[in-house]
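Enquirer: Could you have a look at this structure, given as structure tokens, before my questions?
The values are calculated or read from the model by the stated rules, or taken from the named source; none is laboratory data. Predicted model, so just to flag it, every value in this text is computed and none were measured. Don't worry about glycine lacking a Cβ; one is built from the backbone with ideal geometry, like all the others, and counts go over all protein chains shown.
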Amino acid sequence: MLRPPAKTSAFAGILLLSLFASSCQHFFSHQEEPKVVDLGPYVFRMELFLHDDALIAEREGLELRAARVRKHPANPLIVRDRPWEIGRFNYTCVIQDREEGVYKMWYQMISPRSRNNQSRCHYAVSKDGIHWEKPALGLVDLNGSKENNIVFEELEGMIGTPSYWVYKDYAEIDPEKRYKMMVQSWGHRGRAAKMAYSPDGLRWTFSKYGNLPGPFDSQNYFFWDERVGQYAGYFRSHVQGHRSVSRATSPDAFHWSLPETVETVDDLDPPNWHLYIPGVYRFEAASDAYVMLTTCFDDKAHLMYPQLAVSRDGIDFHRFRTPFMPTGEKDAWDGGSIRAIGSEIVFEGQTGFYYHASNVGGHVDGGTNGIGLATIQHGAFVGWHATTTGTLTTHRLRVRHHHHDKFFLNVDAEGGTVRAELLGEDGSILPGFSQADCQPITTAGSKIRVRWTGDEQLENYLRAGTVRLRLYLEKATVYGFHCVTGDH
């Protein structure tokens, strides 16, 4: 084989080095700029770390943990105690009415299967979320009397078990459609999601036919999703014989796109596992946070309890496989099965979850049941936990509102500590905002003030450019943060 002349070889080497240098220069000149998170003007919304790195640039020594709920000692809050409440509790909807300052509940009572699953929709209201009233509505004549809290009976021509979800649309300009309801219908034209509207949540006008055909034989959820500028609906779907969760959108809550499956069982689930009820809602107290309290079901062992999943966009969910609301002791009122009711509830400054439960397994006749309440620290769905020590550093944060001058943390530092420091655009620690300048946090709460010796300069640094928040955790858990003015 002929070897090229040395001069030619040297020229080729110089050419290769030149091309390599040019390539490196091109590469480095086109590297992505460090990510900047725009906190926006919404001072009332917290930022949650959740399961991903949307807010996190670096972390070390931390593990992801889902919250464990605390069941209210007064449970069950609602039981069957009226003669017209026939059968057992089934699907239930709860909303916290921001306009009226009360909690509202629509709950289904369903008769035994031997009576063809006849059902009725009942209504209850509460001022404090614990003590519930069942008002006489005067709407349905039962055994010669309208002195009951029945909203409507099983719809005419419907076969099987209807289920419903109610949404109060505060932005609806038509007062007759302020309340919207999605009903799972088994009418003569097949299964479908049927819509209804009401001025008061009690007197309903139903669509004549189904609005979205499909085998949605579960409690389907819907709400206005401002992120996409449409209503988002979550329905039962089926994937390879397993009940799953699908999503569709609508501009008016009456005309829906074709649902697409967003969550289903996989190899991490037991072989007989089903995602029985979607239980999805947007957590409006935070930026880009969707919560799924999907009630899961083992159709062989009759196990039924909720699992937690979280998402940034309502499509890609991270699901935890442990029970989010574990069943109670064997002889307890909720010792057999639990179904979560997925809606944003604030109870005494905490995030609340209503649920109905029974002392027997899912789809098992008999037993007793009722409706209860569980809570977590507000917004503390998912946290990053340091068993010993760990650190977390955010992406660069741009604060658009010029009057933000305080940082708050959503943490659980009982039995441990959390300290914070603030970094400037060049990555250096800002004077007066080092870890040593930070007063240690040793308590738990959703809005705990971070205090530095340099606090008076915070607003000036936020006006000057982006900052990074670095947290030092010792035997503690962090869920998110909040940058607001001193008045919020």
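Enquirer: Among the numbered conditions (1) modelled with pLDDT under 95; (2) crowded, with 18+ Cβ neighbours inside 10 Å; (3) of a type in the set (Gly, Ala, Ser), tell me where residue 129 comes up short.
Expert: (1)
Condition check ((1) modelled with pLDDT of 95 or more; (2) in contact with a strand residue (DSSP E or B) (Cβ under 8 Å, 6 or more places away or on another chain); (3) surrounded by fewer than 20 Cβ atoms within 10 Å (Cβ to Cβ)) across all residues:
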{"residue": "366", "(1), (2), (3)": "no, no, yes"}
{"residue": "373", "(1), (2), (3)": "yes, yes, no"}
{"residue": "379", "(1), (2), (3)": "yes, yes, no"}
{"residue": "384", "(1), (2), (3)": "yes, yes, no"}
{"residue": "387", "(1), (2), (3)": "yes, yes, yes"}
{"residue": "398", "(1), (2), (3)": "no, yes, yes"}
{"residue": "410", "(1), (2), (3)": "yes, yes, no"}
{"residue": "417", "(1), (2), (3)": "yes, yes, yes"}
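Enquirer: Let me ask something additional. Mind counting the residues in segment 256-269 that are surrounded by 12 or more Cβ atoms within 10 Å (Cβ to Cβ) and assigned to a loop (DSSP other than H, G, I, E, B)?
Expert: The number of residues fulfilling the criteria is 6.
Enquirer: Further question: Looking at this structure, is residue 218 crowded, with 20+ Cβ neighbours inside 10 Å and in a strand (DSSP E or B)?
Expert: no
Enquirer: Another question, then. Checking residue 171 against (1) surrounded by 14 or more Cβ atoms within 10 Å (Cβ to Cβ); (2) in contact (Cβ under 8 Å) with a residue 24 or more places away in the chain; (3) of a type in the set (Gly, Ala, Ser), which single condition isn't satisfied?
Expert: (1)
Enquirer: Still on this model: For segment 291-345, how many residues meet the condition of being acidic (Asp, Glu), over 21 Å from residue 93 (Cα atoms) and in a strand (DSSP E or B)?
Expert: Looking only at that region, the number is 1.
Enquirer: Going by the conditions given, is residue 252 closer than 14 Å to residue 184 by Cβ and either in the same structural domain as residue 162 (by TED's automatic domain parsing) or within 18 Å of the chain's Cα centre (by Cα) (or both)?
Expert: No.
Enquirer: Hey, another quick one. Residues being surrounded by fewer than 21 Cβ atoms within 10 Å (Cβ to Cβ) and within 28 Å of residue 345 (Cβ to Cβ): count how many of those fall in segment 282-301.
Expert: Residues that pass the stated criteria total 7.
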